[in-house]
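The values are calculated or read from the model by the stated rules, or taken from the named source; none is laboratory data. Because the structure is a prediction, the values reported are computed rather than measured. With ideal geometry, Cβ positions are generated from the backbone for all residues, glycine too; neighbour counts draw on all protein chains shown.
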Amino acid sequence: MIEDNIIPYILGTLSDSEVASFEATLSTDAELAKKVDAARRTLAPLDAWTAPAPPTTLVDNILIQAATTTPLEFVAASASMSPTDAQSAGRPGRFRLTELIAAAAVIALMVSLAIPGVRNVRSNQLQTACKVNMAGFGEGILMYAEENDGSLPNVGPSPNSNWLSDPNRRHLLPAVRHRLVLPKHLICPAADGTIDEKATMKNIEAFLRRTDLPFWAVPNANGPVPKISIRINVPLAADANPLFQEGRFRRGANGTLTPNSHTHGGKGQNILFNDGSTRFIKTPILDQNDDNIWTANDIDEYQGTEAQQSATDAFLTP
Amino acid sequence: MNAPTDEQLLASHLVGDPHAFRTLVERYSTELFQFVFRFTNRKSAAEDVVQDTFIQVHLAGQSFDTNRRFKPWLFTIAANKARDHLRSRTRKREVPLDAQLGGDDDDGQRFLDLLADEVTSPTAQLEDAEQAKFVQGVVEEMPAHLSEILILAYFHRFPYRDIAEMLDIPLGTVKSRLHAAVAQFGTLYRQRAGPSQDDPG
């Protein structure tokens, strides 16, 4: 539609051929010319909004920080350096036994130092990648709420639904269909790697019912999920709940539960809160209520119909 | 000799050319800083986000899809980090979106309908700094997904297809969302300006 090109025409982002075509219409269409003029006047005030120049130290600061931050592949490359890389220039290809032993010792030391470092860097990268995806998920459902009178996707147990067999995640369908939440936002690279977005979009319902999705969306509530503004620090989603990750649906004999999600090696979990913030937290216990986000208070065995036990009892399910 | 493209510079950086990364940083740090500043409205945040963005490019350059172009990728990273920053701050004040205007559907209130009204500058007598602050205040009232697309399109002149790639949304959604953003900007601008300023007579 020609009107779709009004803004790009004003902004100069049409191709030459599109400009020629648009201007040909413009020269004969007084109504279009009026609309272009009106759009120009609407946008004109934005010109006043100037942005400051960056600090003069910005480039240097970035370069210094980059110089002290080693990309993973460089660490890996240095860890696998071969003896021939280290040999002296004067005697190519020839070693004394003592040199060989010394080189081997140095390499062994480097590898022993580098491998845990590589593992940590990798683990931190994956943790951050999951957090970024979850943040995208948060942004999506907050946008959904903005467009739905502040209400998040409505979830909660009902007599006819069981969140073990019929995951709460299915309520995200409208948000995903409208591209407010993308399938990749529900994927944690630490657990699942990547997905084919286009293929997934063709069968979103099946995707949302997958049992291996790492994010277990939204707390069960007695009724609709609260609006975004009623209380802060309400967890909306997290990495996989270890209670179900372990394939068992009851706490241990003494009521115990593996504390953290297995997704990040038991170190903690990313949690999305209702203000849109995402934090990696090393314990499932939130706030002064001693509330464990993985369980409904005082319930040890789960059938799929349990709900949070009070307004402050967070409980994250599939 | 033509200057190397962004993609060539990134490739050189990945094979260890120390000057390539510097060139990329020098090429884009100012534009990126101004983008993030408008998005977050804080110099310190803009500085942090730009630094983090380039460090991510430095660390994760290998993951760059060589079929894509560098600049939209760079802005995608920066936009994600800027959003993270906004989230970590006090939640931005929300303006209830008119369901139709804010929606991506074609049946929403149309941008062109809103342009029927005159948009008269309320601040002809204001100093430049005040005018800038006024406009900034108007944009700040907009929901983040609308202000973001307005900033990308207006100040950085990204075409629809780049914005679609950056925000990972269909082209049609880019069009409707940008139109909604322009329309809402016009509406809020008029509202803030007040009736006396709005009256061209």
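Considering region B:128-152, the residues that are more than 7 Å from chain A (Cβ to nearest Cβ) and without any contact (Cβ under 8 Å) to a residue 12 or more places away in the chain include one that is nearest to the chain's Cα centre (by Cα), namely B:K133.
Return the only residue of A:A311, A:A217 being surrounded by fewer than 13 Cβ atoms within 10 Å (Cβ to Cβ) and modelled with pLDDT under 75. Don't jump to the end; show me each part of the working.
Working: A:A217 fails: surrounded by fewer than 13 Cβ atoms within 10 Å (Cβ to Cβ).
From the options A:A311, A:A217, the qualifying one is A:A311.
Please go through region B:32-67 and give me each residue that is more than 7 Å from every other protein chain (Cβ to nearest Cβ), of a type in the set (D, E) and farther than 13 Å from B:L10 by Cβ, ordered by number. The answer is B:D48, B:D52. The residues of region B:27-76 that are within 19 Å of B:D168 (Cβ to Cβ), of a type in the set (V, I, T) and surrounded by fewer than 21 Cβ atoms within 10 Å (Cβ to Cβ), listed by number, are B:T66, B:T76. For region A:188-205, the condition of being crowded, with 19+ Cβ neighbours inside 10 Å, in contact with a helix residue (DSSP H, G or I) (Cβ under 7 Å, 6 or more places away or on another chain) and at pLDDT 80 or above holds for at least one residue.
Scanning region B:7-29 for residues that are within 8 Å of another protein chain (Cβ to nearest Cβ) and touching a Leu at 6+ places or on another chain (Cβ under 8 Å), we see that the one that is nearest to B:S88 (Cα to Cα) is B:S29. At least 2 residues being modelled with pLDDT under 70 is the threshold, and among the helices (runs of 4 or more DSSP H) wholly inside region A:38-140 those reaching it are A:72-79, A:83-86.
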